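In what follows, a single structure is set out as structure tokens and then discussed.
The values are calculated or read from the model by the stated rules, or taken from the named source; none is laboratory data. These numbers come from a predicted model, not from an experiment. Ideal geometry is used to build each Cβ from the backbone, glycine not excepted, and the neighbour counts take in all protein chains shown. Ligands, DNA and RNA are stripped out before the accessible areas are found, and what is left, the full protein with its side chains, is counted by its heavy atoms. Shrake-Rupley method; radii C 1.70, N 1.55, O 1.52, S 1.80 Å.
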Amino acid sequence: MGNLKIQKEVAIGFLTSLLATACGFYLYLQYASKDSAATTLQQIKEGGALGAAIALAAIPNLFVFFVFLKKKQDYRAKGVLIGTICIAFLTFILRFI
């Protein structure tokens, strides 16, 4: 497999990871509170729980990762793993800094 094709597959997995996290964050905002999404997001920011909310939003990455493994798309699964590590690092930064 060519190097460019491998990089493309990893990038697809990375972007899928970010999309899954964004969808998870949206679902979290919709169902965490009876208020609007904007109000809930403001409350999360004021409460200092943005890192925890992002960490919960990354849970769908687990599903995406195993789907890629089951379909034998290892490079895409690697991209999801890289994306999840980046999100974990962002969560660490928001939590402790």
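For K45 and L19, the difference between the fully extended length at 0.36 nm per residue and the C-alpha to C-alpha distance is 7.2 nm.
Placing unit charges on each Cβ (+1 for Lys and Arg, -1 for Asp and Glu) gives the chain a dipole about its Cα centre, and among L94, T16, Y31 the Cα reaching farthest toward its positive end belongs to T16. Rolling a 1.4 Å probe over the protein heavy atoms of the chain, with every protein chain left in place, gives an accessible area that is 69 percent carbon and sulfur. What the chain shows is 69 Å² of accessible area per residue, with the surface traced by a 1.4 Å probe over protein heavy atoms. For the chain, the membrane-span-like helix rule (DSSP H, alpha carbon extent of at least 30 Å along the helix axis, mean Kyte-Doolittle at least 0.5) picks out 3-32, 74-96; this says nothing about an actual membrane. Relative contact order of the chain: 44 percent, from C-alpha pairs under 8 Å at least 6 residues apart in sequence. Using Cα springs under 10 Å in a Gaussian network model of the chain, which residue among A57, A22, A32 shows the largest mean-square fluctuation? Among A57, A22, A32, the largest mean-square fluctuation in the Gaussian network model of the chain belongs to A32. What the Cβ-Cβ distance of S33 and Q73 gives, at R0 = 35 Å and to the nearest 0.05, is a FRET efficiency of 0.45. Think of each Lys and Arg Cβ as +1 and each Asp and Glu Cβ as -1; about the Cα centre, that makes the dipole of the chain roughly 400 debye.
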